[in-house]
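The values are calculated or read from the model by the stated rules, or taken from the named source; none is laboratory data. Because the structure is a prediction, the values reported are computed rather than measured. As a convention, Cβ positions derive from the backbone with ideal geometry for all residues, glycine included, and neighbour counts pool all protein chains shown. We work out accessible area using only protein heavy atoms, side chains counted, and drop any ligands, DNA or RNA first. Shrake-Rupley method; radii C 1.70, N 1.55, O 1.52, S 1.80 Å.
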Amino acid sequence: MTWSEMEPLLEQACWDTLYMVGWSALIAVAGGLPLGVLLVLTDRGGVLRHVVVNKAVGQVVNIARSMPFIILMVALISFTRAIVGTTIGPEAAIVPLAIGAIPFYARLVETSVREVDGGLVEAVQSMGGSTWTVVHKVLLPESLPSLISSATTTIVALIGYSAMAGTVGAGGLGDLAVRYGYLRFETKLMWITVAILAVVIAIIQFAGDLAARGLSHRGRSSAAPRLVLLRGGASRAGKPVPEQRTAPAEIETVEPTKVP
């Protein structure tokens with residue numbers, strides 16, 4: 001197979017992969033972010049402590065995460081047909097890709113949000129802040145670098161899932177590698193597909209790491225002003241803030257010199 005024959009196939013496969021991964025990643029973030037925050041809020045010691053809700057949501061997330069993706073695709077065939085009207089093509093692959101990625105990202109969000117300092121949450125609550133204030137003023141801003149890293153990990157995993165989806169008619173680079181590289185023994189095309197996937201994953205990982213580091217540095221530089229604001233808010237709420245007193249400076253006495 002010549003390059004002129006491979007080029008249109010590779011171009012269409014790349015667009016199909018980006019289409020599937022892009023939409024499924026957006027749906028996964030939109031569904032997994034509130035689910036992960038809910039797991040933290042309803043856990044023991046959380047703002048909305050509710051053991052029953054926490055256990056129920058946690059079990060659903062665990063069951064969805066434990067199911068292999070290829071089996072999940074088969075199990076969701078009827079649901080996929082009801083949503084998009086077909087079970088083949090990139091549009092059909094978005095449904096199982098998103099459903100499989102939501103619990104994956106939710107657990108990563110839960111881990112990221114748990115790393116937030118509990119003292120900041122207590123400070124906001126002491127000032128009369130609501131649950132929504134705790135979430136969007138403390139939990140999400142403080143865990144944003146880690147959330148970006150988690151989203152990057154999810155997108156990389158979705159690229160692997162999309163390759164598996166290509167084996168059952170979803171299209172994309174995985175479908176191209178199987179149909180031409182494996183079934184038609186086009187080894188050259190298969191290795192080009194592998195190289196494209198490696199480059200795409202490297203670019204996504206680099207961009208995610210760069211964004212996470214930038215947000216992490218900005219968060220550290222604004223830590224002191226934020227603590228000052230919290231102290232000021234606590235004093236306005238009627239709670240005294242202990243003053244920091246400095247020790248009095250010692251005065252050195254010099255003995256007068258005697259003139260002979």
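For this structure, a couple of remarks:
- Working from the Cα coordinates of segment 57-152, the gyration tensor eigenvalues give, after taking √(5λ), semi-axes of 36, 13, 12 Å in decreasing order.
- For segment 1-56, the dipole from Cβ point charges (+1 on Lys and Arg, -1 on Asp and Glu) about the Cα centre works out to 760 debye, to the nearest 20.
- Over segment 3-217, accessible surface divided per residue gives 52 Å², non-protein components excluded, 1.4 Å probe.
- Diagonalising the gyration tensor over the Cα atoms of segment 131-179 and scaling each eigenvalue by 5 before taking the square root yields semi-axes of 37, 10, 5 Å, largest first.
- Relative pair counts by distance (%), Cα atoms of segment 3-217, 10 Å bins: 8, 29, 29, 20, 9, 3, 1
- Residues in segment 141-155 carry Karplus couplings, in order, of x, 6, 9, 4, x, 5, 5, 5, 4, 5, 5, 4, 4, 5, 5 Hz; the curve used is 6.51 cos²θ - 1.76 cosθ + 1.60 with θ = phi - 60°, and Gly or Pro positions show x.
- Accessible surface of segment 3-217 [probe 1.4 Å, protein heavy atoms]: carbon and sulfur percent: 68 percent
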